[in-house]
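Shown next, in structure tokens, is the structure this report addresses.
The values are calculated or read from the model by the stated rules, or taken from the named source; none is laboratory data. Quantities reported herein were computed from a predicted structural model and do not represent experimental measurements. Ideal geometry is used to build each Cβ from the backbone, glycine not excepted, and the neighbour counts take in all protein chains shown. For the accessible areas, the whole protein counts, side chains as well, though only heavy atoms, and no ligand, DNA or RNA atoms are used. Shrake-Rupley method; radii C 1.70, N 1.55, O 1.52, S 1.80 Å.
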Amino acid sequence: MTTAYRNRIQEFKVALSEENINLKTLRELCFNGIPFEGGIRALCWKILLNYLPLDQTLWESFLKKQREVYSQFLKEMIIQPGIAKANLGLFREDVTMEDHPLNPNPDSRWNNYFKDNEILLQIDKDVRRLYPDMAFFQRPTDYPCQLILDPQNDYETLRRRVEQTTLKAQTVNRNRSGVTNVSSPGKAFNLYPSNEYEVLPNGSEAHWEVVERILFIYAKLNPGIAYVQGMNEIVGPIYYTFATDPNSQWKEHAEADTFFCFTNLMSENRDNFIKSLDDSQCGITYKMESVYSMLKDKDLELYLKLEEQNIKPQYFTFRWLTLLLSQEFLLPDVIRIWDTLFSDQDRFHFLILVCCAMLILIRDNLLAGDFTVNMRSLQDYPISDVHTILIKAKDLQDNS
């Protein structure tokens, strides 16, 4: 560790030791990257994502309350419906029409239960393949949720719900001679391609199962948006940062803290996931066009080349902007970019600057390439040094 880096860590420690944290000072420090050591990054993200109050004297009572609230969500949205499902059939004489799974009423408890299962299956499919190039999300967490895994709780867990729903939703194919083939959709669509994705034994749970629970609770609490594919890519880096915190007192509560930080981030980013808002000023179309507007201002020649080749911003910036570049770089680099994004007061304007910088940094390739070559470059971005990209984005910001 260099002297300069040690000094930088010390600067963070001083900033975070203030009883009332100076947000402007902290943002300036975080903009150039946050150290992992001592759990500094995880703590800074909790502040920058407006989860922790700036007054440190409030932290203890605030965190206690938020974690209790999250436990209540688990009880109401996972455990209680699971107990009701487990009890169905044990007391069949007590089942009223209102409680019956075949009740046609669209507002019935069971109709909602089956709708939830559709969302859960989509979440399950996405979280199982979260960052497949690293083993972290397949490994067991050191802090499995005791409330969920308590053997005294006889209820249907999310894991069990997925297994049961997958088994029931068998795919029936009829061939030309009239013979019916029944196969599991998990097998038919290769949802679970290898042993690497098999669930862990009772009493332990993988990190992806924790992420699944966070996304399911979010979907239940936000029925207007529920779950949209790609949210798993947003929650993944936050959970990873909190679940690898070297401070075990924080690490133990990674699930609840991730849920609230993800919810706060989505409150700023959710319009990108709502299709009906695509063409509004807060929607994704406006943001994609903003990248090209900025490029036209900063590099007219490159802008005209992309226009001439009919390379529209939605061909590549949709993923860049919606997923905050989480699919363009390796996870450690995504986390470094997010240090800067989270610390900028107008964080999503800075994301547009980053996207514009990414285009300008490969301008020579783009000016020389044809449509096919250029699309390949934009969909599989060739520069891996995020430091260079962030410096260029800051330069664009300073000269605007």
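Annotation note: of 46, 24, 64, 13, the sole residue that is over 30 Å from residue 393 (Cβ atoms) and either open to solvent by 70 Å² or more (accessible area, probe 1.4 Å) or not aliphatic (A, V, I, L, M) (or both) is 64.
Scanning the range 323-354 for residues that are assigned to a loop (DSSP other than H, G, I, E, B) and touching a residue at least 24 places away in the same chain (Cβ under 8 Å) yields 323, 324, 325, 326, 327, 328, 329, 330, 344, 345.
Run residue 311 past the list (1) over 20 Å from residue 41 (Cα atoms); (2) part of a helix (DSSP H, G or I); (3) open to solvent by less than 70 Å² (accessible area, probe 1.4 Å) and report the number of the one that doesn't hold. Answer for residue 311: the failing condition is (2).
Which condition does residue 366 not pass, out of (1) closer than 21 Å to residue 290 by Cα; (2) open to solvent by 10 Å² or more (accessible area, probe 1.4 Å); (3) outside any loop (DSSP other than H, G, I, E, B), if it passes all the others? The failed condition is (2).
Just one of (1) farther than 27 Å from residue 231 by Cβ; (2) under 27 Å from the mean Cα position of the chain (by Cα) fails for residue 299. It is (2).
I'd like to check something: does the range 281-304 contain any residue that is among the β-branched types (Val, Ile, Thr), touching a residue at least 40 places away in the same chain (Cβ under 8 Å), buried (at least 17 other Cβ atoms within 10 Å of the Cβ) and more than 26 Å from residue 214 (Cα to Cα)? Yes: the range 281-304 contains one or more residues that are among the β-branched types (Val, Ile, Thr), touching a residue at least 40 places away in the same chain (Cβ under 8 Å), buried (at least 17 other Cβ atoms within 10 Å of the Cβ) and more than 26 Å from residue 214 (Cα to Cα). Of all residues in the range 290-342, exactly one satisfies the criterion of being among the basic types (Lys, Arg) and touching a Phe, Trp or Tyr at 6+ places or on another chain (Cβ under 6 Å), namely 296. Pairing each residue of the range 6-29 that is among the acidic types (Asp, Glu) with any residue that is open to solvent by 80 Å² or more (accessible area, probe 1.4 Å) and at pLDDT 95 or above, provided the two are 6+ apart or on different chains, yields C-beta distances under 9 Å for 19/57.
Cβ-Cβ contacts under 8 Å between residues 6 or more apart (or on different chains), taken from a first residue in the range 52-65 that is within 15 Å of residue 16 (Cβ to Cβ) and assigned to a helix (DSSP H, G or I) to a second residue that is open to solvent by 40 Å² or more (accessible area, probe 1.4 Å) and polar (S, T, N, Q), are listed as 56/20.
Against the criterion of being under 15 Å from the mean Cα position of the chain (by Cα) and open to solvent by 20 Å² or more (accessible area, probe 1.4 Å), residue 268 qualifies.
Check 397, 345 and return the single one that is in contact with a Phe, Trp or Tyr (Cβ under 9 Å, 6 or more places away or on another chain) and either over 13 Å from residue 295 (Cβ atoms) or open to solvent by 10 Å² or more (accessible area, probe 1.4 Å) (or both). Unique residue meeting the criteria: 397. Given the criteria open to solvent by less than 40 Å² (accessible area, probe 1.4 Å) and within 29 Å of residue 135 (Cα to Cα), does residue 350 qualify? No. All conditions in (1) over 18 Å from residue 32 (Cα atoms); (2) out of contact with any Pro (no Cβ under 9 Å at 6 or more places or on another chain) hold for residue 326, with the sole exception of (2). Here residue 63 passes the criteria (1) modelled with pLDDT of 95 or more; (2) at positive phi except the one numbered (2). Quick check: is even one residue across the range 319-330 surrounded by fewer than 21 Cβ atoms within 10 Å (Cβ to Cβ), modelled with pLDDT under 95 and of a type in the set (D, E, K, R)? Within the range 319-330, one or more residues are surrounded by fewer than 21 Cβ atoms within 10 Å (Cβ to Cβ), modelled with pLDDT under 95 and of a type in the set (D, E, K, R). Taken together, the residues in the range 220-247 that are assigned to a helix (DSSP H, G or I) and under 23 Å from residue 320 (Cα atoms) amount to 11.
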